[in-house]
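What follows draws every value from the coordinates through simple rules; no lab data is involved. Bear in mind that the values here come from a model prediction, so they are computed numbers and not experimental data. Heads up, the Cβs are rebuilt from the backbone with ideal geometry, glycines too, and the neighbour counts pull from every protein chain shown.
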Amino acid sequence: MTAQQKAASLQARKGNRPITALTAYDYPTARLLDECGVDVLLVGDSLGMVVLGFPDTTHVTLDHMLHHVAAVARAHPKALVLGDLPIRTYDTPAQALETAEKLVAAGAEAVKLEGGTDQAEKIRAITRAGIPVVGHLGMLPQSVLEEGGYRKKGKTPEQADILLQDARAIIEAGVCAIVLESVVPATARLLSESIEVPTIGIGCGGFTCDGEVAVITDLLGSFPWFVPPFAIPEADVATVTREAVARYIRRVSRD
Ligand code: KIV
């Protein structure tokens, strides 16, 4: 399937089967998740925290993203490879297109960028070039420093209305899906019911969106030093790792 066909089939999932998306930052993880049949592999700029050890996503560069997108793409997944446009690489429509083209050259099949109405022209520039775009509304991690923390969004009818206007603006510009992050459940459900493209939720409560995305380290329990309150771990890889390494140390040191 081409990138455009994958994006179209993602969009067609609205009202049908929920979309499953997980972050992946390297080749083995991409292969394993793809073998499991996940729909979207998001090479998210969350890699800044959970792979590179930065405090937030504002330290992620385009070179970081290109390196990890290429590793994931080498798995030749059936899933859509979605790459984040990192902060300060999409300040104008021309720059947004140039960055998106570089991510596609590295192996991304679609790109994601944060923001609403203000980003519509940039989204239009990218989609006009034939590159599928996923939007990202609600809590925008690239704005965490201006916002002074990670806060819930869509708490009041006025905030919900702004989110709806933002969603409509970016849909008009051509997004094929929208990630909703940390939007209160009632507003996430309302938005999902009000718009024609699928919403993919994270931190929005269960079953409020047309699909869900999770950060792979939250799902696997492999980054124990920070776990967001909404995460639902399905494994405890940190403990398995510590126990395996302790056995190795004992074996090698003949204790
Ligand atoms: O970078 C990322 O992992 C993301 C998810 C939080 C949706 O954008």
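Alpha carbons only, please: Rg and Dmax for the chain, in angstrom.
18.2, 65
Whole Å is fine, so just give me how far the alpha carbon centre of the range 100-167 lies from that of the range 39-93.
14 Å
Any chance you could give the angle, 0 to 90 degrees and rounded to 10, that helix 157-172 forms with the longest Cα principal axis of the chain?
On a 0 to 90 degree scale, this one is about 80.
Tell me, what ³J(HN,Hα) does each residue in the range 59-67 have, in order and in whole Hz, if you take phi through Karplus 6.51 cos²θ - 1.76 cosθ + 1.60 with θ = phi - 60° and put x for Gly and Pro?
With coefficients 6.51, -1.76 and 1.60, one gets 9, 7, 10, 5, 4, 4, 5, 4, 4 Hz.
Loop-only check: which GluC sites (Glu not before Pro) in the range 149-249 are DSSP coil with at most 11 other Cβ within 10 angstrom?
On the way: sites: Glu158, Glu172, Glu181, Glu193, Glu196, Glu212, Glu234, Glu243; in loops: Glu196, Glu234.
Qualifying residues, ordered by number: Glu196, Glu234.
Using the basic label-point model (7 angstrom from Cα toward the beta carbon), what is the His76 to Met1 distance in nanometres?
About 1.7 nm, to one decimal.
Would you please give the residues with an amide H less than 5 Å from that of Gly221, counting only those at least 5 places away or on a separate chain, with H modeled from the backbone geometry?
Glu234, Ala235, Val237
Would you work out if the range 120-239 is rounded, prolate or oblate? Take a ≥ b ≥ c from the square roots of the eigenvalues of the alpha-carbon gyration tensor; rounded if a/c is under 1.5, else prolate when a/b is larger than b/c, oblate otherwise. Mind dumping the intermediate values first?
On the way: a/c = 1.82, a/b = 1.52, b/c = 1.20.
Verdict is prolate for the range 120-239.
Counting other beta carbons within 10 Å of each Cβ, put Ile123, Ile216 in order, fewest first. Provide the component values of the computation, followed by the final result.
On the way: Ile123 28, Ile216 24.
Least crowded to most crowded, the residues run Ile216, Ile123.
To check you understand DSSP bridge types, tell me what percent of the beta bridges within the chain (both residues inside) are antiparallel, rounded to 5.
Values: 1 of 30 bridges.
Expressed as a percentage, antiparallel bridges in the chain total about 5.
Helix 185-194: angle to the longest alpha-carbon principal axis of the chain, degrees 0 to 90, nearest 10?
Computed tilt is about 50 degrees.
Starting from the Cα of Lys14, draw a straight line to each of the aspartates and glutamates and keep only those under 14 Å, dropping any in the same chain fewer than 8 residues away.
Counting by Cα, and skipping residues close in sequence, Lys14 has these aspartates and glutamates nearby: Asp39, Glu193, Glu196, Asp210, Glu212.
Among Thr241, Thr23, rank each residue by its count of other Cβ atoms within 10 Å, from fewest to most, as a rough exposure measure.
Values: Thr241 13, Thr23 28.
Lowest count first: Thr241, Thr23.
Per residue of the range 226-237, in order, report the coupling 6.51 cos²θ - 1.76 cosθ + 1.60 (Karplus, θ = phi - 60°) as ³J(HN,Hα) in whole Hz, putting x for Gly and Pro.
8, 10, x, x, 8, 5, 10, x, 10, 7, 10, 5
For a paramagnetic label modelled at 7 Å from the Cα of Val144 toward its Cβ, which residues of the range 197-221 fall within the zone defined by backbone nitrogen distances under 18 Å?
Only 202-204, 213-221 fall inside the zone, counting backbone N under 18 Å.
Looking only at Cα atoms, what is the convex hull volume of the range 205-255 per residue, in Å³? Walk me through the numbers before you get to the answer.
Numbers: hull volume 3.6 nm³, N = 51.
About 71 Å³ per residue, rounded to a whole number.
Asp84's amide H: which non-local residues (gap 5+, or another chain) put their own amide H closer than 5 Å, with H modeled 1.01 Å from N in plane and none for Pro or chain starts?
HN-HN under 5 Å from Asp84: Val43, Asp45, Lys112.
Please find the FRET efficiency linking Ala12 to Val245, where r is the Cβ-Cβ separation and R0 is fixed at 41 Å, and quote it to the nearest 0.05.
On the way: r = 45 Å, r/R0 = 1.10.
Result of the calculation: an efficiency of 0.35.
What do you get for the angle between helix 93-106 and the principal long axis of the chain? Use alpha-carbon atoms, 0 to 90 degrees, nearest ten.
Between the helix axis and the principal axis of the chain, the angle is about 40 degrees.
When the Cα atoms of the range 48-168 are enclosed in a convex hull and the volume is divided per residue, what value in Å³ results? Walk me through the intermediate numbers first.
Details: hull volume 14.2 nm³, N = 121.
For the range 48-168, the hull spanned by Cα atoms encloses 117 Å³ per residue.
Return the long-range amide H neighbours of Val179 (sequence gap of 5 or more, or a different chain), with a cut-off of under 5 Å between placed amide H atoms.
Placed amide hydrogens put Gly135, His136, Leu137, Ile200 under 5 Å from Val179.
Hey, which lysines would be in cross-link range of Lys152, C-alpha to C-alpha under 22 Å, not counting anything within fewer than 8 residues on its own chain?
Lys112
Exposure proxy check: His67, His76, His136 ranked by fewest other beta carbons within 10 Å?
Numbers: His67 15, His76 11, His136 27.
By the 10 Å Cβ count, ascending: His76, His67, His136.
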